[in-house]
1. Which value, in debye to the nearest 20, gives the size of the charge dipole of region 55-112 about its Cα centre, when Lys and Arg are +1 and Asp and Glu are -1 at the Cβ?
2. Which distance in nm do the two modelled labels at K148 and E186 give, with both placed 7 Å along the Cα-to-Cβ direction?
3. Can you tell me the dipole magnitude for the chain around its Cα centre, using point charges on the Cβ only (Lys, Arg +1; Asp, Glu -1), in Debye to the nearest 20?
4. Starting at 0 and stepping by 5 Å, how many percent of the alpha carbon pairs of region 32-183 end up in each bin?
5. Whole-Hz Karplus ³J(HN,Hα) for region 66-76, in order, using 6.51 cos²θ - 1.76 cosθ + 1.60 and θ = phi - 60°, x for Gly and Pro?
6. How much accessible area per residue does the chain have, in Å², with a 1.4 Å probe?
7. Could you look at the chain and say what percent of its accessible area is carbon and sulfur, using a 1.4 Å probe and all protein chains?
8. In nm, to one decimal, how far is the E113 label point from the A209 one, both placed 7 Å along Cα→Cβ?
Amino acid sequence: MRAVLAMTAAVMTLCLTAGAVQADAPLASDWRFDEASGTTTVDAVTGATGTLAGDVVFGPGKSGSGLSFNGGTVSAPLVVDAGRSFTVSAWVYLPAKCATRTCKFTAVSGDGERSSRFSLGYAKSRDLLGNWFFEMAEADTDQAPITKTAVSAELSEAGEWTHLVGVYNAEEHQTLLYAHGNLVGEGRVVNQWSGTGTFTVGAGHKAGAVTASFPGSVDQVRFYDRVFTHDEVFQLYLGER
């Protein structure tokens, strides 16, 4: 009996290790924001540089330093093609929930000429009481129509770090939203377009203007150039806790 239990434990350890390795393998971009000061930040994978603009500073992050926003943004090169399947993850911190009837706070977004290609963040509206969301626009226009946003079934938590993952499956025309490793919402997008090849931390874009500024902190933004499975997302969360 002891031998069986030992073998089972060994198999489970190997599976978890394999899952963690598999999750790390396609890492295309890793923005850790550990510089602590200055107006630039560097991707740990590619060496590309992101630029801080406006009211954003390095402050306490989920691990080490992170970015603290009060209307500012960070702009950086996007190494994944947002017209194809990809996965984006980030740790986000909202000090308080929205106090007005409607609001939208975008933590990470992919840039288009007129509007964001994708957006990951928090929203409150007539239909939402304050939920995490991941969405992709159908066209790079001022209206930027959304077919279906992936929205968390439960209300978002304020005053704590939350691990969010957005997955875009281009073949299935599907978006998935995860919070703390768990699938919490599903959405749909029909059209494929790639954006400008840059992304923004701390806000989104619509009608050619910066919008939906994120009034909190963001840390450890990562991009992967393929769809993550449920197990891989969970392993990613466990590896970043």
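The values are calculated or read from the model by the stated rules, or taken from the named source; none is laboratory data. Computed from a predicted model, the values in this text were never measured in an experiment. Counting neighbours? That spans all protein chains shown, and the Cβs are built from the backbone with ideal geometry, glycine included. Heavy atoms of the whole protein, side chains included, go into the accessibility calculation; ligands, DNA and RNA do not. Shrake-Rupley method; radii C 1.70, N 1.55, O 1.52, S 1.80 Å.
1. On the way: 5 positive and 3 negative charges, 59 e Å.
Here region 55-112 has a charge dipole of around 280 debye.
2. In this crude label model, K148 to E186 measures out at 0.7 nm.
3. Details: 17 positive and 25 negative charges, 100 e Å.
Value, rounded to 20: 480 debye.
4. Going from the shortest bin to the longest, the percentages are 2, 8, 17, 22, 22, 18, 10, 3, 0.
5. 3J(HN,Hα) across region 66-76, in whole Hz: x, 10, 10, 10, 9, x, x, 9, 10, 10, 8.
6. On the way: 11100 Å² over 241 residues.
On a per-residue basis, the chain sits at 46 Å².
7. Details: 5910 of 11100 Å².
Taking all protein chains in place, the chain shows 53 percent carbon and sulfur surface.
8. Result for the modelled spin labels: 2.0 nm.
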